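Right, one structure below, let's go through it.
The values are calculated or read from the model by the stated rules, or taken from the named source; none is laboratory data. None of the values given here were measured: they were computed from a predicted structure. Note that we place each Cβ from the backbone using ideal geometry, even for glycine, and neighbour counts take in every protein chain shown.
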Amino acid sequence: MSELGRLRRDESEISSWDDACDVLVVGAGCAGACAALEAAASGADVLVLERAGGAGGTSALSGGLLYLGGGTAIQKACGFRDSAEEMFKYMMAACGPGPDEALIRPYCEHSVDHFEWLVRHGVPFRPAFFEGAHEPFTSDEGLTYSGSEHVHPFDRIARPAPRGHITQHRSSKGARLMQSLLGAVETACVPIRTQARCDALVTAPDGRVLGAVVKTVDGVRSVRARRGLILTAGGFIFNREMVASYAPLLRACKAKVGTENDDGLGIRLGLAAGGEAIHMEAGDISLVLFPPNQLRQGVLVNRAGQRYVNEDAYMGRLGELTVLRQEGDAYLVCDNEIFVRPELFPIELAAVGETIEEIESALGIPAPALQDTVAAYNRHAVERRDPLFHKGAHYVKPVETAPFAAIDLRTENAMYAVFTLGGLHIDAGGRVLAASGEPVPGLYAAGRTTSGVVKQGYSSGMSLGDGTFFGRRAGRSAATD
């Protein structure tokens, strides 16, 4: 029997159900918690299963940052104008290729309401703006630019506004987010059963998902889901075989973001029940080099000594363009005034020299490619201009003060943080779709188990934002369909 065959059971194989509920949620991260809350608020009897020893999942290990906008209270308090339409224009430009308007449109139009829902459920945000490098690692400001909204080319497509809403805490922000959401789940009297792994979905002859076969510390149990079952079990970055099959370019990245339970089980369960997985090659690839932002004054070049992106772009855009388009082979060329070691992440130097020509020779770049690149950059940098890639003027200065250095940004020597973005195809109500485009009856999903609002072009907070938003929608749909 194939693996997908083992992940599905026919109704005839279940002699009797050991447990029953209206809505069964598989996975207790942010998407699962929000699905449970919304299903319970819709009058359903809800049970949450979590295969780990405790709830929280990857969400609890995250930066606690949610991508929200359209004019939230914090955006207004910090003096920023935003609208659902400007947010939509940015996301449609950034979250491709093939951005999913059917998901992005409602996500933008209801973002303010979703922010207020989170606040009502105890998630704290401090109305203060963080001006640093995309994420306040050691402070508790509640708003930041968490993508490339304010840099080229996106600042010409949509009016820039910061949309990274950060859970208030100085360090463990993801844990604080989950503490709030799980506290709300407890208040709603929704049970979470830990050390309970969903091993198969049970389906009726017409394909409807009826429940699950669950392995627990007390043995294997069958759980009936009278109204619907929701898969919120994370992505697949820790499944070596799935990554090799679907997203082989991600294998080059050192730092996997997630837990060992991000092994694609939720996706495979959905496939076994008749769902379709899309954009499985996609992943967020962050080049974690900043802070300090001073390094953005350097020149990022590929193995041919040519620039390929504005250096002030979001770390996810830098990482994606480097790994997916430059084969993970890049260097940041700095002079003595620019160079400083990153505050939080280790780096290696690929070359040090008194001239750019020496750097070029040490890197094995054919002469005079790097010399020409730096000379052309410097010619305009004296006027604080970057006509080729339009880097922000405050990061433009000539690279001219010896000695020079090339920071090694090849994937084997630099820190690239990666997680998967592909998953089950859902509609705006969190219903899992078959290849035909029709919903699989009784099956819903949210979070990284799905291919949500972003394919590539990730901005920090889109996973937690997407997971919480569509988790709620999946919960409501499962309870009321």
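A few remarks follow.
- Residues in segment 45-74 that are more than 17 Å from the chain's Cα centre (by Cα), crowded, with 23+ Cβ neighbours inside 10 Å and either small (Gly, Ala, Ser) or not assigned by TED's automatic domain parsing to the domain that holds Gly475 (or both): Gly70 only.
- Residue in segment 32-48 that is in contact with a Gly (Cβ under 6 Å, 6 or more places away or on another chain), touching a residue at least 24 places away in the same chain (Cβ under 8 Å) and under 28 Å from Pro136 (Cβ atoms) present: yes
- For Gly79, the criteria (1) touching a helix residue (DSSP H, G or I) at 6+ places or on another chain (Cβ under 7 Å); (2) surrounded by fewer than 23 Cβ atoms within 10 Å (Cβ to Cβ); (3) without any contact (Cβ under 8 Å) to a residue 60 or more places away in the chain hold in every case but one, which is (1).
- Reported count of residues in segment 292-333, each being of a type outside the set (D, E, K, R), assigned to a loop (DSSP other than H, G, I, E, B) and out of contact with any Gly (no Cβ under 6 Å at 6 or more places or on another chain), is 11.
- Segment 147-189, residues that are closer than 19 Å to Ala60 by Cβ and of a type in the set (Val, Ile, Thr): Ile166, Thr167, Val185, Thr187
- Looking only at residues of segment 137-153 that are touching a Lys or Arg at 6+ places or on another chain (Cβ under 8 Å) and β-branched (Val, Ile, Thr), we find that the one that is farthest from Gly71 (Cα to Cα) is Thr138.
- Entry remark, segment 428-458: residues being part of a loop (DSSP other than H, G, I, E, B), touching a strand residue (DSSP E or B) at 6+ places or on another chain (Cβ under 6 Å) and among the polar types (S, T, N, Q) number 1 in total.
- Residue within segment 412-424 that is within 23 Å of Asp22 (Cβ to Cβ) and either out of contact with any Lys or Arg (no Cβ under 6 Å at 6 or more places or on another chain) or at pLDDT 95 or above (or both) present: yes
- For segment 420-431, filtered to residues that are touching a Ser or Thr at 6+ places or on another chain (Cβ under 8 Å) and of a type outside the set (D, E, K, R), the residue that is nearest to Asp329 (Cα to Cα) is Leu421.
- All positions within segment 330-377 that are surrounded by fewer than 16 Cβ atoms within 10 Å (Cβ to Cβ), closer than 19 Å to Lys391 by Cα and of a type outside the set (Asp, Glu): Ala375, Ala376
- Residues in segment 65-104 that are assigned to a loop (DSSP other than H, G, I, E, B) and of a type in the set (D, E, K, R): Arg81, Asp82, Asp100.
- In segment 405-427, residue farthest from the chain's Cα centre (by Cα) [restricted to those that are assigned to a strand (DSSP E or B) and surrounded by fewer than 24 Cβ atoms within 10 Å (Cβ to Cβ)]: Ala405
- Scanning segment 315-359 for residues that are modelled with pLDDT under 95 and of a type in the set (Phe, Trp, Tyr) turns up just one, Phe345.
- Test: residue in segment 326-343 that is within 20 Å of Tyr395 (Cα to Cα), of a type in the set (Gly, Ala, Ser) and touching a strand residue (DSSP E or B) at 6+ places or on another chain (Cβ under 7 Å): yes
- Scanning segment 453-477 for residues that are among the hydrophobic types (A, V, I, L, M, F, W, C), in contact with a helix residue (DSSP H, G or I) (Cβ under 6 Å, 6 or more places away or on another chain) and within 19 Å of Ala28 (Cβ to Cβ) turns up Leu464, Phe469, Ala474.
- A count restricted to segment 115-152 and to residues that are crowded, with 20+ Cβ neighbours inside 10 Å and outside any loop (DSSP other than H, G, I, E, B) stands at 5.
- Any pair with Cβ under 6 angstrom, 6 or more apart, that starts in segment 222-251 at a residue that is touching a residue at least 12 places away in the same chain (Cβ under 8 Å) and ends at one that is surrounded by fewer than 20 Cβ atoms within 10 Å (Cβ to Cβ) and basic (Lys, Arg): Ile237/Lys256; Val243/Arg251
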